[in-house]
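One structure is given below, encoded as C-alpha cells.
The values are calculated or read from the model by the stated rules, or taken from the named source; none is laboratory data. Computed from a predicted structure; not experimentally measured. So basically every Cβ, Gly included, is an ideal-geometry build from the backbone, and we count neighbours across all protein chains shown. Just so you know, the surface numbers come from the protein's heavy atoms only, side chains and all, with ligands and any DNA or RNA stripped out. Shrake-Rupley method; radii C 1.70, N 1.55, O 1.52, S 1.80 Å.
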Amino acid sequence: LWQTKSAFQYSVNNLTDINTWPSEYCESYCQPSFCQSSYLPVIGTELNLGIEILWTGPRVISKHISCASIRAVNKILRRRVVIWDNVHANDYDQRRVFMGPYAGRSPALLDLLSGVLTNPNCEFEVNYVPLHTLATWSRISLEATAISNGNENEDNNLEDVYDPSKALAEAIIDWLPQFSLSENSTTEIPLLLKPESESMETEGQASPDRKGSMEDMSIECDATRSATSETGTDITQSSFSEPMTVDDLYLLCDLFYLPYQHGPRAVEILQELSWLVNYHRQCEHNCSSHGLQDEWKRKLESFFMKCTLIDTLVNKIDGPNRSLHYEIHPYIREVQKS
C-alpha cells in the first residue's frame, strides 16, 4: 500500500492535525547523511503544513544547537521545527541526573522555531534548575529576537545575551527555600518567569542497577517515618541537620551538571584528584624533591576538604523536604561512596 516509510507516515499523519516525530529526528539519524537524506524531503513536501515536526538537533542529546543547523532543517521540512530538547534527560542512564542550567542554545534560535519542549529528568524534584533556567532563556530570547527581527547577521550578537551562569544563580536563590519546606507547608513556590528581572553526544546506555543505593535510601526513609509517627510531631528544620546554603546548592548542581560537562566545582575536584594520582609516583621515587612533596601534601589536604564538603552536603540533603531528600539522596550518596 505504501512504497516507503515516509509515504506511510505522511499519509497517516495527514488524517488529523497533530504533532509528529519523524523516524529521522536528528542529524545523526539521517541516512545516509543529513544532506543526502531521501526521507526528510518527502516528509517536508507531503506532510500537511499545519502539522508540527519534532527535532532534537545534531544528535539525540545535543550539546549545541546552532541557528545554521535549524535553518537548514527548516528549509528541508518546509516549516519551523519544534525542538524536543534532551539536554536534561536521564531516562537512558538512571545513574545520572542533570541539574545544570539550560545551555548551548543561542537566544537567536527562538525566532527560527515553532517551539521548544524539554525532556527533563525522570525525578520531578531535581528539575527546578533545568526548568527555571529554560524559562529564563525563553524570556530573554523573546526580548532579544524582538529586536533582531530574525536577522541572520544578528545571530552572533545574541550569543551572549543569555548567560547560563547568571541563570543558574537566579534559579539557585529561588530553589533554596524549597529545601526547608516540610510536607505540611503551604509556602508558595516562586514563579519561574519573572518579567521584572534585569538579569539577563552521545546517546547513553542503560547502566547497572542502583539497587544498593535505593535499598539504603528506603531503610532511611522508613526509619524517619517511624520516628515521626511515634512522636506525632510535624517535621521541622530543627529535627534535622543544619539547613542548606547557596554554596551547597552550587556544589550539588556542579556535581550533576550536564551530559557533556561538569560544573566548575566538580572540575576542580577531578583536576586535583588527577594531579594527585599523576604525581604520586614521582613523589615516591624522588624523595629529595621536598618542594614537590610539600605541594602534593597541600593538594591532598585541599582534596580532602572538598570531600568533606560532599559529606556535609549528604547530611544536609536529609532535611524537612522529604521529596527532595528521597530523589537526590541516591545520587549524592553514590558520589560520596566513590
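Observations, loosely collected:
- LEU40 being outside any strand (DSSP E or B), touching a helix residue (DSSP H, G or I) at 6+ places or on another chain (Cβ under 6 Å) and among the aliphatic types (A, V, I, L, M): yes
- Restricting attention to region 45-65, the residues that are at pLDDT 95 or above and either closer than 19 Å to LEU112 by Cβ or of a type outside the set (A, V, I, L, M) (or both) total 11.
- PRO320 surrounded by 17 or more Cβ atoms within 10 Å (Cβ to Cβ) and over 22 Å from the mean Cα position of the chain (by Cα): yes
- Of residues in region 51-73 being open to solvent by less than 10 Å² (accessible area, probe 1.4 Å) and in a strand (DSSP E or B), the one nearest to GLU159 (Cα to Cα): ILE65
- GLU24 being in contact with a helix residue (DSSP H, G or I) (Cβ under 7 Å, 6 or more places away or on another chain) and open to solvent by 60 Å² or more (accessible area, probe 1.4 Å): no
- Cβ separations smaller than 6 Å between residues 6+ apart or across chains give the following pairs from region 322-333 residues that are of a type in the set (Asp, Glu) to residues that are open to solvent by 10 Å² or more (accessible area, probe 1.4 Å): GLU327/GLU123; GLU327/GLU125.
- Taking the numbered list (1) modelled with pLDDT of 95 or more; (2) over 16 Å from the mean Cα position of the chain (by Cα) in turn, GLY100 passes all entries but (2).
- Residue match in region 237-257 (condition: at pLDDT 70 or above, in contact with an Asp or Glu (Cβ under 6 Å, 6 or more places away or on another chain) and open to solvent by less than 40 Å² (accessible area, probe 1.4 Å)): no
- Some residue of region 79-93 being of a type in the set (S, T, N, Q), within 13 Å of the chain's Cα centre (by Cα) and open to solvent by less than 10 Å² (accessible area, probe 1.4 Å): yes
- Figure legend. Inter-residue proximity from region 291-312: first residues within 18 Å of GLN336 (Cβ to Cβ), second residues open to solvent by 40 Å² or more (accessible area, probe 1.4 Å), beta-carbon distance below 6 Å, spacing 6+ or different chains. Indicated pairs: ILE310/GLN336.
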